[in-house]
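Engineer: Below is a structure I'd like to ask you about.
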Amino acid sequence: MNTRQLFNRLCIALILGLLTAGAGFAADSPKQQEAPKPDKDGWYSLFNGKDLTGWKISKDSPETFKVEDGAIVANGPVAHIYYEGPVNKGNFKNFQWKCEIMTKPHSNSGMYFHTKYQDKGFPSNGIEVQVNNTHSDPIKTGSLYKIKNIMNDSPAKDNEWFTQEVDVQGRHVTVKVNGKVVNEYTFPEDYKREAGWEHNVLSPKGGTFALQGHDPGSEVHYRKILVKPLP
């Protein structure tokens, strides 16, 4: 083998080595989220049932949220998980939003809309739709928290999967549990919340969604989290 042949073989080996390394790097790189696609009725899934892709947990207690048996489980110190995925670029003004929920006895949680991510504490933006069937808080499932409350008797039960749906169109909000309307409210133009809650109002620009981890004694499961953006 002459010098030129040896040089050519070395060059080929080097090129093949670089290509193999590049392929390995690509395989190890994080997968990008696929472009979201709605079903035939216009519903988008916000949760893949496997992991928390598209969601961001607040920094106060990341261990509060996990995925178990195809559901997001909230169980631990106060924390919130916010949707930051690709559907509608994570911003929703008018929409239908629903999920299946199961609460364990004496548990408290909530579904927030028109909110935005914050590192810790209860959200300073947005409105909470209560999830609470038997917790000591008398404000129960289906309530627009501290706006229009369902007191003492919950429309759902612990240890059973139920569906809660939130429909927001302009200033009008409708809440359904298992397909039945349990709460409706139209915000007046001059609406003001009670002292200490002034910041939790509808946003003219919309916002994202969040799920609440309320306390270590509460365990709430969420699955089949779907949204249909509206004009």
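Engineer: For D69, all conditions in the list (1) within 13 Å of I225 (Cα to Cα); (2) touching a Lys or Arg at 6+ places or on another chain (Cβ under 9 Å) hold save one; what is the number of the exception?
Structural biologist: Among (1) within 13 Å of I225 (Cα to Cα); (2) touching a Lys or Arg at 6+ places or on another chain (Cβ under 9 Å), D69 violates only (1).
Engineer: So, in the range 56-75, exactly how many residues are touching a His at 6+ places or on another chain (Cβ under 8 Å) and hydroxyl-bearing (S, T, Y)?
Structural biologist: Result for the range 56-75: 1.
Engineer: Could you tell me which of the residues S143, S136, S154 is assigned by TED's automatic domain parsing to the domain that holds Y82, polar (S, T, N, Q) and exposed (fewer than 15 other Cβ atoms within 10 Å of the Cβ)?
Structural biologist: Just one listed residue meets the conditions, S136.
Engineer: Name the one entry in T115, T103 that is closer than 16 Å to P216 by Cβ, modelled with pLDDT of 95 or more and not aromatic (F, W, Y).
Structural biologist: T103
Engineer: Now for a different question. Would you list the strands (runs of 3 or more DSSP E) that sit entirely within the range 99-210 and hold 3 or more residues that are touching a residue at least 24 places away in the same chain (Cβ under 8 Å) and not β-branched (V, I, T)?
Structural biologist: Output list reads 108-115, 162-169, 180-186.
Engineer: Filter the range 202-218 for residues that are farther than 20 Å from G54 by Cα and touching a strand residue (DSSP E or B) at 6+ places or on another chain (Cβ under 7 Å); which is surrounded by the most Cβ atoms within 10 Å (Cβ to Cβ)?
Structural biologist: Checked the range 202-218; the qualifying residue surrounded by the most Cβ atoms within 10 Å (Cβ to Cβ) is H214.
Engineer: Continuing with this model, one more query. For residues that are among the β-branched types (V, I, T) and either over 14 Å from the mean Cα position of the chain (by Cα) or not in a strand (DSSP E or B) (or both), scanning just the range 66-97, find the one that is farthest from K37 (Cα to Cα).
Structural biologist: V78
Engineer: Determine whether K89 is in contact with a strand residue (DSSP E or B) (Cβ under 8 Å, 6 or more places away or on another chain), surrounded by fewer than 16 Cβ atoms within 10 Å (Cβ to Cβ), on the phi > 0 side of the Ramachandran plot and among the charged types (D, E, K, R).
Structural biologist: The answer is no for K89.
Engineer: Checking the conditions here, which among T53, T20 is at pLDDT 95 or above, of a type in the set (S, T, N, Q) and not in a strand (DSSP E or B)?
Structural biologist: Within the list T53, T20, the selection yields T53.
Engineer: Only one of K120, K116, K224 is among the basic types (K, R), in the same structural domain as K98 (by TED's automatic domain parsing), exposed (fewer than 13 other Cβ atoms within 10 Å of the Cβ) and closer than 22 Å to Y82 by Cα. Can you tell me which?
Structural biologist: K120
Engineer: Just one of the numbered conditions (1) modelled with pLDDT of 90 or more; (2) closer than 19 Å to V166 by Cβ is not true of G217; which one?
Structural biologist: (2)
Engineer: Given the options K104, K180, K192, name the one that is basic (K, R) and either surrounded by 14 or more Cβ atoms within 10 Å (Cβ to Cβ) or under 18 Å from H214 (Cβ atoms) (or both).
Structural biologist: K104
The values are calculated or read from the model by the stated rules, or taken from the named source; none is laboratory data. Quick caveat, the model's predicted, so the values are computed rather than measured. Don't worry about glycine lacking a Cβ; one is built from the backbone with ideal geometry, like all the others, and counts go over all protein chains shown.
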